[in-house]
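The values are calculated or read from the model by the stated rules, or taken from the named source; none is laboratory data. All values reported here derive from a predicted model rather than from experimental measurement. Glycine also receives a Cβ, built like all others from the backbone with ideal geometry; neighbour counts cover every protein chain displayed. With ligands, DNA and RNA removed, areas are computed over all heavy atoms of the protein, side chains included. Shrake-Rupley method; radii C 1.70, N 1.55, O 1.52, S 1.80 Å.
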Number of protein chains: 2
Amino acid sequence: MGTYVVWIVSVLAVAVADGSREKREGLSLEPGNWPSCQSGAAAPRTRVDTRDRVAVLRQYFATAGIQAYLVPSEDAHQSEYPSGYDKRRGYISGFTGSAGFAVVTIDKQALWTDGRYFLEAEDSLDCNWILMRQRETGVPTMVEWLKTQLSSGNRLGASPFLVSSATWKTYSDDLKKAGLLLVPVENELIDTFWQTGNGRPPQPDTAINALQIQFAGVSWQDKVNNMRTKMTAEGTDMLAVTALDETAWLFNLRASDIDYNPFFLSYAIIDKNTTTLYILNHTLKLTSQPTDNGTMMNLAAHLNTNDNGTCTGRADMCVEVKLYDQNLVKTDVNVRAAFSNKVWLGYSCNQAIYSAVPEGKILQKNTPIATTKTKKNPAEVEGMKKSHIRDAVALISFLEKLEREVKAGQPWTELSAANDLKTYRYAQQFNRGLSFTTISSSGSNGAIIHYSPSNMTDKKITTSEVYLLDSGGQYLDGTTDVTRTFHFGTPTAYQKECYTRVLMAHINLFQAIWQKGVYGREIDAFARAPLWDVGLVYRHGTGHGIGMFLSVHEGPGRISLAHDLFAQDNPLDEFQFFSDEPGYYEAGQFGMRLENIVMVKNATTKYRFPGAEFLTFEHVTLVPYAHNLIDYDLLSEKQINYLNAYNNLIREKVGPELKKQGRDAAYEWMMQKTEEYTRKTTSSVSSLTGCLPFVIFVLSVVQTL
Amino acid sequence: MGTYVVWIVSVLAVAVADGSREKREGLSLEPGNWPSCQSGAAAPRTRVDTRDRVAVLRQYFATAGIQAYLVPSEDAHQSEYPSGYDKRRGYISGFTGSAGFAVVTIDKQALWTDGRYFLEAEDSLDCNWILMRQRETGVPTMVEWLKTQLSSGNRLGASPFLVSSATWKTYSDDLKKAGLLLVPVENELIDTFWQTGNGRPPQPDTAINALQIQFAGVSWQDKVNNMRTKMTAEGTDMLAVTALDETAWLFNLRASDIDYNPFFLSYAIIDKNTTTLYILNHTLKLTSQPTDNGTMMNLAAHLNTNDNGTCTGRADMCVEVKLYDQNLVKTDVNVRAAFSNKVWLGYSCNQAIYSAVPEGKILQKNTPIATTKTKKNPAEVEGMKKSHIRDAVALISFLEKLEREVKAGQPWTELSAANDLKTYRYAQQFNRGLSFTTISSSGSNGAIIHYSPSNMTDKKITTSEVYLLDSGGQYLDGTTDVTRTFHFGTPTAYQKECYTRVLMAHINLFQAIWQKGVYGREIDAFARAPLWDVGLVYRHGTGHGIGMFLSVHEGPGRISLAHDLFAQDNPLDEFQFFSDEPGYYEAGQFGMRLENIVMVKNATTKYRFPGAEFLTFEHVTLVPYAHNLIDYDLLSEKQINYLNAYNNLIREKVGPELKKQGRDAAYEWMMQKTEEYTRKTTSSVSSLTGCLPFVIFVLSVVQTL
């Protein structure tokens, strides 16, 4: 899925050849260092005047004892999608892109973001801001810049809740070398004056529902006990859970505090005997009746607590529920750490929680929740496969209509397509909305990898341009994420070659067999090879993990040629689900991407090296490709076999469901798109030609008789 | 080449699936924890009784103020091959394997080594030693073990000259956590009592010769000035050179202090204006006449110094030469660092030199010498190619004789083959010996990856077993490293499949095209795929860098699926030379490996993504493969094209040189081994069969006339 893909870009861009980075020359480091701030230039209508906000922020510097303040884009849980309430950087700067951070000093304000967001930033920032184009020549890092702005001994403040412990350490060390200090500001400054009264969205506080065991597969009690076993194995007796998808998975709970992610603001602490969960309005939530028809019981009953959150019954069989309050959690972690020998913290742990544990007592690595969650249990595996079949029905039904009507010249646009597709997913059993903002892009818009349509950019879908559709849904029994690329008219030979090479990349990765122990970054090149062979590249990772009715992007582990090492990466393993999504993007022309969700499974091989085990992929996504974009002559026999086998699988798995739902037109469309391909072997021809001399000889013999 | 390959194994073994590690159950952690130390067992004849040595070592503990002492296997320059003089760990323990370290406490002594050396260690250690089998279940790390042996506050001593700064930091941090201390022992303890008198080899002190500019390509003056430019670019004004191949390359000097490596014990310091070189017996060496006929002038003249090493003429055009004395060098570094802003140190820098520079002034990363040296200059590229042609003549001439005589039943062994092959290399122009110990292994010995034949293991080369030959030479204009595998009789179908898949791996890597910026570890899997596909693996890297008349293993950069990140790795780049050496090893049966040296070059591609550049490989090694071991049906058209093109290249490049040297038999052998292969297309056959019905029809028609 796109957004994540884009996230990978920022990772890749660091190492990929310089040339592949956007270059802009002669840019100053003064306020308003972009074209629309030059005299005479018209102000973009999306520009936000943040002078007053910044002025108010500065008023707090003195009491906080700081000379500069850092406003990151993350929330306290390092969520990929923070809620509107947590978009502090967006409020203070006016720039709402997903990546970037703002730093305000006594007399200057600067925003750092990467190449994907330069234009968006120029259209949102007022001209008092300095735009720091990350990784452009001559653009300083935050620390380099602060060195020129602050004097020795000066202090940069930041909320320790909004910065991960790892990032905090890096900043802190770099600043120290420059004679500067990073200091925690316990009460986040923007929160002190940005109130829901003046336009701040309220803190998300949606109902929390229990996920039925038929979908979760394992009870939260068994999960918690399993975590305790793993904690002991690592010599730890306490685990602080700070990632929202981890609390959701651990307790088999779902909500909708955050767009597209069925999460709820929370922390959890597990120790030898007790389990504590921190949520907003806990007493209200415990007693309220389930709002979700997938839920049998209310929260208190599910967690074996009474109405005020106190445990009932055996300690290891119930969860103490307390109020979600940052400082309360921090205090509890601090107090309970004192009674622990070793405390396990994940990589997303924020600095506030991290600093609440004595350094010597910390084990920081992927939590046992993260590493267990990534390997789906049998019920989750079954759910993922079933939900993908229903999701395929939705998508195929929509595609049949879209192709028919676009070809008939009816007026479809990127937005109308995205909106109409929604209704098809909503209609499917167990659907709980979408798993991310649909990427519906026509022609040149497709080349903007992180594009999603808006009223300002909406473009027609026609028979003369390439159309890219990257979308997914949330279901009680799974999360989906699928990308297909089409041309509803006649593609050029070049477009066909590009699509076919993306398809070859997509197939090569799927057909890979590798030794257990190998990392995703070590097989990513299998996918890139067919494009590299002709000098083409895509500047994003090939695959990301995906949750089961959780985040559409789930670590640890990814299939990404990110030249640096992800500390949190794990080797690929059985029952992990990944996307397989190579692409190709030609600026101003088109974007192409093919994305399937695939599952890692054990491979059976002709031989077996002593002690070695082998893994490969299995299909989960079942949606036809675009035949008119395939140049079959470029495909190997092995790749053609993939196509035929995949098409058969679609007919076998999705066909019945389409019939069951009475979607006859969609069924016919699917049948037509999954016809078997057989290569015209020239032998039959050649054999005839080869025959002529022989025939002539025979005839001559006959003649002579 | 083998040894390196083995080095990679130790890297890989860490991450490769547990199953692939050698397992041994029920082993104690008591002295003599191996079979031949059990009562009644016969002592191996290679066992060395080190009780007295260890006893003497312990006598120095009190004065050194330590309770334990670490004896590493490295020398002060972290050389891959330390000289006999530096094999302290071998002396104190009796174990002479290339990997491992010894720790002696007041009452115990333990040796850590990895799976490759368990048996060798059991045959060399006396029964007072504890053998620590690294990465075996239940075997503690050094720190874990010391925790159980020492009490809080105790001190582990080690010579800071023999431990790299990185390793020192790791040990130091881990020990600190355990309440123990790592303390530098400035005067290495074993040196105090292990004297050349009692069997210690003398410190190597061979003549130093200047390498002619026709081979070096760039004068040392230009190199030094180039280094200064790069130092400035990194904000450094001083560079301490500690790696022996770096001083040899920088000053265009060669010697033979270390087996197979044309190096000399040395340090160098470069700052803004001056250059200092530290060598043994410097005054004698400066004035002595060149011993090498490749040399025109003596050392003083070459370095523009007078006979006592004082600079003559412009400071940046001459080298001050001083005595190689560890403490002198350390003092000089310390004094000169005081006058510098930032000091550049390489990764191989030992802790003594590292600690001589104030922490805040250190930039530690690959030295500009390492990163410049790896990209060969035009003269070096030409020399590497030419020397490989002469090396091919030597190898081909030997192979012709070996194959002929083995087939004729004459008595060849691994050793006699290795020794005879030497003479062929020595006979070639510019030869300066071998580049590593020849790996000549027959049948089951081939499965021991790091095997080299000895009188105790020497095995016959017959027509009934696989024969693996990995060898290389040093030349004034290049360093070679080539591996070929043969069967002089009739291989089994399984042997043919294994060889062919190794060949496919070898070809796949060579044919790869990748985007500039990619690391070797990211394309290594291209080579493994053909083996993974059928469940086979090789537990070593696919390729290593190689020097020009320098080390046969040269960093930075390698092609190795080492799951962890090498800090010192660099992306693959133009004019770097690597080995391409996949293999397959079946314990107790055979070993197969194919190794060519290849050069990275720019790739021309059908299209070119804006800003992206592409790289691929070019042939350097030119020696035929073993046709009788190839199952051509397994090869793709693309792979067969590789073979035909490669064979043509051998004929074109090596043919004339064989003729010129009058090696007619070898020429015929080469011609026969490089015949073009054309796949029998079944069409001709099928066309005839396809004809029959047609012919019958025609005949019937004719009949009816």
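Quick look at the values:
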quantity: Number of positions in the stretch B:599-628 that are surrounded by 22 or more Cβ atoms within 10 Å (Cβ to Cβ), touching a helix residue (DSSP H, G or I) at 6+ places or on another chain (Cβ under 9 Å) and of a type in the set (A, V, I, L, M); calculated: 4
quantity: Residues located in the stretch A:241-271, provided they are of a type in the set (Val, Ile, Thr) and part of a helix (DSSP H, G or I); calculated: A:247
quantity: Per-region count, the stretch A:227-239, residues open to solvent by less than 10 Å² (accessible area, probe 1.4 Å) and within 16 Å of residue A:372 (Cα to Cα); calculated: 3
quantity: Residues being over 20 Å from the mean Cα position of the chain (by Cα), farther than 13 Å from residue B:344 by Cβ and among the small types (Gly, Ala, Ser) - total across the stretch B:234-252; calculated: 0
quantity: Cβ pairs under 6 Å, 6+ apart, first in the stretch B:510-536 and more than 8 Å from every other protein chain (Cβ to nearest Cβ), second among the acidic types (Asp, Glu); calculated: B:510/B:580
quantity: Condition met for residue A:519 (open to solvent by 10 Å² or more (accessible area, probe 1.4 Å) and at pLDDT below 95); calculated: yes
quantity: Selection within the stretch A:272-284 - assigned to a helix (DSSP H, G or I) and either out of contact with any strand residue (DSSP E or B) (no Cβ under 7 Å at 6 or more places or on another chain) or modelled with pLDDT under 95 (or both); calculated: A:283, A:284
quantity: Strands (runs of 3 or more DSSP E) contained in the stretch A:125-223 and holding at least 1 residues under 30 Å from residue A:549 (Cβ atoms) and among the aliphatic types (A, V, I, L, M); calculated: none
quantity: From the options B:373, B:386, B:330, residue that is crowded, with 19+ Cβ neighbours inside 10 Å and under 30 Å from residue B:657 (Cα atoms); calculated: B:373
quantity: The stretch A:316-325 - residue that is outside any strand (DSSP E or B) and either among the β-branched types (Val, Ile, Thr) or modelled with pLDDT under 95 (or both) and, of those, nearest to residue A:266 (Cα to Cα); calculated: A:319
quantity: One residue from A:139, A:104 being over 22 Å from residue A:58 (Cβ atoms) and more than 26 Å from the chain's Cα centre (by Cα); calculated: A:139
quantity: Verdict on residue A:190 being under 29 Å from the mean Cα position of the chain (by Cα) and within 23 Å of residue A:301 (Cβ to Cβ); calculated: no
quantity: Only listed residue being under 30 Å from residue A:60 (Cβ atoms) and open to solvent by less than 60 Å² (accessible area, probe 1.4 Å), chosen from A:218, A:163; calculated: A:163
quantity: Check on residue B:580, touching a strand residue (DSSP E or B) at 6+ places or on another chain (Cβ under 8 Å) and more than 14 Å from chain A (Cβ to nearest Cβ); calculated: yes
quantity: Subset of the stretch A:253-304 [open to solvent by 50 Å² or more (accessible area, probe 1.4 Å), under 29 Å from the mean Cα position of the chain (by Cα) and among the hydroxyl-bearing types (Ser, Thr, Tyr)]; calculated: A:256, A:260, A:291
quantity: Which numbered condition residue B:529 misses (of (1) among the aliphatic types (A, V, I, L, M); (2) part of a strand (DSSP E or B); (3) open to solvent by 10 Å² or more (accessible area, probe 1.4 Å)); calculated: (2)
quantity: Residue under evaluation residue A:433, criteria (1) within 30 Å of residue A:213 (Cβ to Cβ); (2) open to solvent by less than 10 Å² (accessible area, probe 1.4 Å); (3) not in a helix (DSSP H, G or I), criterion not met; calculated: (2)
quantity: Unmet requirement for residue B:504, which otherwise passes all of (1) assigned to a helix (DSSP H, G or I); (2) within 11 Å of another protein chain (Cβ to nearest Cβ); (3) touching a Leu at 6+ places or on another chain (Cβ under 9 Å); (4) open to solvent by 10 Å² or more (accessible area, probe 1.4 Å); calculated: (2)
quantity: Tally, over the stretch B:396-427, of residues that are of a type outside the set (Gly, Ala, Ser) and open to solvent by 10 Å² or more (accessible area, probe 1.4 Å); calculated: 17
quantity: Pairs with Cβ under 6 Å, 6+ apart, first in the stretch A:564-576 and of a type in the set (A, V, I, L, M), second at pLDDT below 90; calculated: A:565/B:565
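Per-residue answers, yes or no, for (1) within 30 Å of residue A:376 (Cα to Cα); (2) out of contact with any Phe, Trp or Tyr (no Cβ under 9 Å at 6 or more places or on another chain):
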position: A:420; (1), (2): no, no
position: A:428; (1), (2): yes, no
position: A:433; (1), (2): yes, no
position: A:444; (1), (2): no, no
position: A:453; (1), (2): no, yes
position: A:460; (1), (2): no, no
position: A:464; (1), (2): no, no
position: A:487; (1), (2): no, no
